[in-house]
Amino acid sequence: MFGSKPRRLVGLALVLVMSLTLLVGVAQAQEPTTLVIGWEQEPPLLNPRSDMAFAGLMDEFYGRGVWDWDVNRQIYPIMVEEIPSPDNGLVTTNDAGNTVVTYKLREGMQWSDGEPITADDCMFWHDIMMDPAKGTFQRGVYPDVVESVTKVDDLTVVLAYNAPFPDYESQATLTCSFPEHILGPVVEAEGTIDNAPYFLGQGTVGYGPYVLSEWQVGSSMTFDANPLWDGAAPAFQRVILRFILDSAQMQNALEAGEIDVAFNFSDDLVEGYQAIAGSDVFSTPGVFGDAIWMNVGNGGHPALSDVNVRRALIHAIDRAALAEELVGPGTEVPKSWYAAQFWPEDLPLDEYDVDLANQLLTEAGWVDADENPATPRVASGVEGVTDGFPLVLRFYTTTRQIRMDYQTFIQEYLNEVGVQTLLTPVPANLLFADFLENGILDTGDFDLAIFALSAGALSPFANAPEWFGCEGIPTAEKPNGNNGWGWCNPEWDRLDLEVGVTVDPTARLELAQEAVRQFYSGAHWHGLYLRATWYAVNSAVVNPESARMVGTLSSNYFNMIEMWQPAA
Amino acid sequence: MFKYIVRRILQAIPLVFLITVIVFTLLKFSGDPLAYLAQDPTVTEADRFLLRAKLGLNDPMPLQYVHWLIGDNWYWRDIDGDGVVDEPGTRMGILRGDLGESFRFRKSVNDVFAEHLPRTLMLAGTAYIVTVVFALVIGVFAALRQYTIADNIITGFSFITFSLPVFLLALILVQVFAVEARKAGLPALPVSGLCDPRGDCSTDEVIRHLILPVLSLSLISIAGYSRYIRATMLEVINTDYVRTARSKGLSENRIIFLHALKNASLPLVTLIGLDIPGILSGAVITETIFSWPGMGYMFTQALDQLDAPLLVSFVLMIAIAVIAFQLLTDIVYAWLDPRIRYT
């Protein structure tokens, strides 16, 4: 049937396939004590305080802190003998009424190069934190709230705040995780740690279950068990972080057995991971939650200055159904921006109620004049607004898929009550740019927006006057604020300051609950869902039960990695 | 010829700078490179100011461009926001061989390029060699067998392959040769990466990791190039001088590979001259999908963070490469066809 030429072509194709097969070789057998974790973003530096979140996650392997929180958000000591508290006398108040915390380091701790860990390491990093010239990284509130740090002896350090400071466990904490004997000479020579080879993986020593043994830039990072670690010995002798940028390829890599763990993938990929044979998929409650933010007082649509209109809009949206449909079964709609443990019991959730939404809009003077659902409601007798002004809102979000999906569904819901929206997904760097960079949020050039802004998971103190305070509304004179939605409630400002300095836990909780109520009364923030942190592990390599020993804060995915066990 | 080359180089200089000005300006209007910090309330204004100051982002835009050109080691800045200048910058500027410091990678752009360019040359260079060799073979083969079954099959495959977007082709190849092959217990190719981190990153391991990205890049290009070569070969083998060569009794191989192919490859030289600068830029999609840490992979990450020093240097490098290879193409043209003269 075929002549000699097509036969030659088929022959050529066969030779090619055979050559490929020879090159491929047999798939490598996997070492039982090696764990490969897919890592979606390679940090430029190992400095956990750099602005790259995925650097912050790596210190769980090689550089633990003074303490951490377990899967139940219970604090436990690591470098210190015990967690300081008023009960054990390690948290006191000085004559000025300010909080003083004593850190007692455990005896016998060693860096991975064998040098002892002492109070000098803590003093060294305090010095770096207090002097911006000695390093470019995020310092948080530390330089603003810490008065002094004093070395008492080789294993005892006392940190004094410049005010009552109830959040000493979670904020502005003493850091002893950087070796003075390595980084000190760098600062002496160069005046800064910015260019220290330590942060590029050269001579990196730390205090953790693993030690960095190789960093193939652009490819992978290898950690080997640290023989000098005095905590639980890790069951996996080697952990490899493999950098894979593409989310589809991350899934393929798990399916092909090239990685054993994928994590932090988005909700829309969960089903795909669950479909992989042998994978065990689980999640922990997240700390980031997407929400609708309404521009209530910074140049937004005039209708949004009325709290009843804002309330009406949210009653028009079935957030529970959207969470169920777009995120996943069982996803809850958060009632408040604050972490749940600070919510008062009577905090309401604005339920889906179209009739109420229509009623509120009409009562507020936004009427369906032509009784045509295809046209927007218009103003009728609204103070300061010309009659006939349409209720059309500019609706922004980033290009993250789930947010754009939400945007589209919300548009449909709002159409039902005669509110029209102009959907504009934009890159994050345009939405969140500074006021001076013409950022959409900061300049108030929006009416509605969907995005996430994390609240502290451990503290009720927002400590963000530039985000929510009256002083934080950005203007040409004060361009540094981030309160682009223009919500101003002096009572909330006062309460938040009180929460920040109230040490007594009971009194603090009461103040916090009142602050939560005030926040709710603004109706400028409406939660959509809390983004869960997803993990998928290859159950042929990892014991899935042991892998559930993970953290639930924003940067401690692997804080129990030494407890992970190989599959039976 | 020498005068021509010098004139072309002199003409290129303002063009290159114009390109950098345009790219720099566009990037500056694309948003705030540190905007991603805005979602983190623990990042204080002091932190942001410090970071912006160190990266020179608080300087006026024209000044940022000037610093990129001639450096900022003469320019004192207020680093801590107290209104008093603290220290000068550390950059030498592109005119002194310093491409600046990357925001994303936190190291000099020169170092970033030095890390990523060799990997791109390995991937894209291999893919290009594979493309040219296979396209030549297939193109000539198809031309010599015009309208036969083999030609029709090649034409059909070319159209199908050429119609596939590279990301789709890449994911299909991964699914078949990495995922499904492994499931079926067959020898499988790696999904992504430069080498297996469990292994020793030996040469044969790198070659295994090269296969799928090279195939993704080459298959589509082979389809296009081979059609091009087939067309030009068909044109040449029907010309008078080829008939004359045949009538003089020259062997068919000599006619095809020495006389016809040389003339048929003239337009191909233009094509190659235009495509080679693209090799330096890396295959953005392919490198990202396969986590191949080359220039394309680097570009994706830099773009994500509006890393102006790196992106502008990248464009500058490509612009210079385009101009250089255009010039080289002209020279090769003159060598291949002695009738061509430049003045």
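All of the numbers you see were taken from the coordinates with simple rules; none came from a lab. Since the model is a prediction, treat every value here as computed from it, not as a measurement. Neighbour counts are summed over all protein chains in view; Cβ atoms, including those assigned to glycine, are modelled from backbone coordinates with ideal geometry.
Compute the FRET efficiency between A:Asp95 and A:Phe409 as 1/(1 + (r/R0)^6), taking r as their Cβ-Cβ distance and R0 = 41 Å, and round to the nearest 0.05. Show your work: numbers first, answer last.
Working: r = 58 Å, r/R0 = 1.42.
After rounding to 0.05, the efficiency reads 0.10.
Taking a ≥ b ≥ c as the square roots of the eigenvalues of the Cα gyration tensor, the stretch A:357-421 is classed as prolate, since a/c reaches at least 1.5 and a/b is larger than b/c. Take the alpha carbon gyration tensor of the stretch B:151-200, find the square roots of its eigenvalues, order them as a ≥ b ≥ c, and report rounded if a/c is under 1.5; if not, report prolate when a/b exceeds b/c, else oblate. Prolate, because a/c is 1.5 or more and a/b exceeds b/c.
Remark: spin-label model distance B:Ile207-A:Ser247 equals 3.7 nm, labels positioned 7 Å along the Cα→Cβ axis. In chain A, Cα pairs under 8 Å separated by at least six residues give a relative contact order of 18 percent. Which lysines have a Cα lying under 24 Å from the Cα of A:Lys478, excluding residues fewer than 8 positions away in the same chain? Result set, ordered by chain and number: B:Lys28, B:Lys54. Listed by chain and number, the aspartates and glutamates placed with their C-alpha closer than 19 angstrom to that of A:Lys335 are A:Asp290, A:Asp318, A:Glu324, A:Glu325, A:Glu345, A:Asp346, A:Asp350, A:Glu351, A:Asp353, A:Asp496, A:Glu510, A:Glu514; residues fewer than eight positions away on the same chain are left out.
Distance from the C-alpha centroid of the stretch A:532-547 to that of the stretch A:315-352: 28 Å, rounded to the whole angstrom.
For the stretch A:74-181, a/c is not less than 1.5, where a ≥ b ≥ c are the root eigenvalues of the C-alpha gyration tensor, and a/b does not top b/c. That puts it in the oblate class. Put in line by how crowded their Cβ is, counting other Cβ atoms within 10 Å and starting with the fewest, B:Arg52, A:Arg73 read A:Arg73, B:Arg52. Each part gets one Cα centre, and for the stretch B:297-335 versus the stretch A:457-508 those centres are 48 Å apart.
The distance separating the Cα centre of the stretch B:208-244 from that of the stretch B:129-196 comes to 14 Å.
Each Cα pair under 8 Å and six or more residues apart adds its separation to the average, and for the stretch B:34-102 the resulting relative contact order is 25 percent. Counted over the protein assembly as shown with a bin width of 20 Å, the fraction of Cα pairs per bin, in whole percents, is 12, 38, 34, 13, 2, 0. Cross-link partners for A:Lys104 among the lysines, with Cα-Cα distance under 25 Å and sequence neighbours closer than 8 places in the same chain left out: A:Lys151.
Summing -39500 (n - 2.57) over the DSSP H runs of n ≥ 4 in chain B and dividing by its residue number, what mean residue ellipticity at 222 nm do you reach, to the nearest 500 deg cm²/dmol? Please list the in-between numbers first.
Details: 13 runs with 216 residues, N = 343.
Rounded to the nearest 500, it is -21000 deg cm²/dmol.
For B:Tyr75 and B:Thr300 in the same chain, what is the full-extension length gain: residue separation times 0.36 nm, less their Cα-Cα distance, in nm?
Length difference between fully extended and current span is 77.9 nm.
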